[in-house]
């Protein structure tokens, strides 16, 4: 089961709704996944299509309990490569489709076929209805990527004005959703992991929220470990390269003029580095008499390298 399907299945489980709450939820589902059809004698019909059986059950239940519409669910094979079942709820004139569409703010008027592309304030005039509306929009046209791979949540709509209104409603919770056009659709999307967590909380997907948070924590830990390992590897590489360079310089001095020609403090460090090429600066500092700190050892080795550099110039 995909993560998106898990989220939708979770938010299909909810307590009994009031009529007002049912209107908010159904309005968003129907706008996102519904199709208006026209036939002879100005007859209209409306169908809601979904590939999710849990969503189909929610639609059937809400229509029956809150709108007194006893629709039938048709099941057919999808034309997509996945060959999933497609569930279709058809609502006809005889069932009261005009009254329903006016009630859920899809038609502006029962008599005239004028579509409502806004989200009327009367539908979302309290906190619970706002959350249910966003939940319905996700059930009807939303999806979320597998958080193991990437953070991406989106709502797909077919009208730019409606997309902007839905984005503004989502952003009223402090989120930063954006709208883009994709072919003939308009997509409201969120790409920040933390903001996706907040949206899952808004729509009531609390179990999925916890799963996503666990994945985020594990990914962040892996990234931190990788950064530390890369940093340690880089530092180790620098240390090894410096030690090799120092040994080469000391051997050049030994060959050309002899280490005995060096001042005593440089001679001690040079001999220590030759005898212990893999030791750190701190450990080399403990081998000389009197002991010196890391910065003191580094300073002496730099002086040795400078002497070697002068000898190389003389060779040329």
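The values are calculated or read from the model by the stated rules, or taken from the named source; none is laboratory data. Keep in mind that what you see is a predicted model, and the values were worked out from it rather than measured. Neighbour counts are summed over all protein chains in view; Cβ atoms, including those assigned to glycine, are modelled from backbone coordinates with ideal geometry.
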Selection from the range 31-52 of residues surrounded by 15 or more Cβ atoms within 10 Å (Cβ to Cβ) and under 37 Å from the mean Cα position of the chain (by Cα) yields 31, 32, 33, 34, 36, 46, 47, 48, 49, 50, 51, 52
- request: Take residue 56 and decide whether it is in contact (Cβ under 8 Å) with a residue 40 or more places away in the chain, in a helix (DSSP H, G or I) and in the same structural domain as residue 122 (by TED's automatic domain parsing).
  value: no
Those residues of the range 281-316 which are more than 13 Å from residue 266 (Cα to Cα) and part of a helix (DSSP H, G or I) amount to 281, 282, 283, 294, 295, 309, 310, 311, 312, 313, 314, 315
For strands (runs of 3 or more DSSP E) lying entirely in the range 86-188, having 1 or more residues that are surrounded by 22 or more Cβ atoms within 10 Å (Cβ to Cβ) picks out 142-144, 153-157
Practice task
Considering every residue within the range 240-260, establish whether at least one is surrounded by fewer than 13 Cβ atoms within 10 Å (Cβ to Cβ) and farther than 24 Å from residue 313 by Cα.
Solution key: yes
- Task: Inspect all residues belonging to the range 213-235 and state whether any of them is in contact (Cβ under 8 Å) with a residue 24 or more places away in the chain, more than 30 Å from residue 144 (Cβ to Cβ), crowded, with 16+ Cβ neighbours inside 10 Å and out of contact with any strand residue (DSSP E or B) (no Cβ under 6 Å at 6 or more places or on another chain).
- Result: no
With criteria (1) farther than 22 Å from residue 138 by Cβ; (2) surrounded by 12 or more Cβ atoms within 10 Å (Cβ to Cβ); (3) touching a helix residue (DSSP H, G or I) at 6+ places or on another chain (Cβ under 9 Å), residue 23 comes up short on (1)
Using the structure shown, decide if residue 58 is surrounded by 15 or more Cβ atoms within 10 Å (Cβ to Cβ) and closer than 25 Å to residue 107 by Cβ.
yes
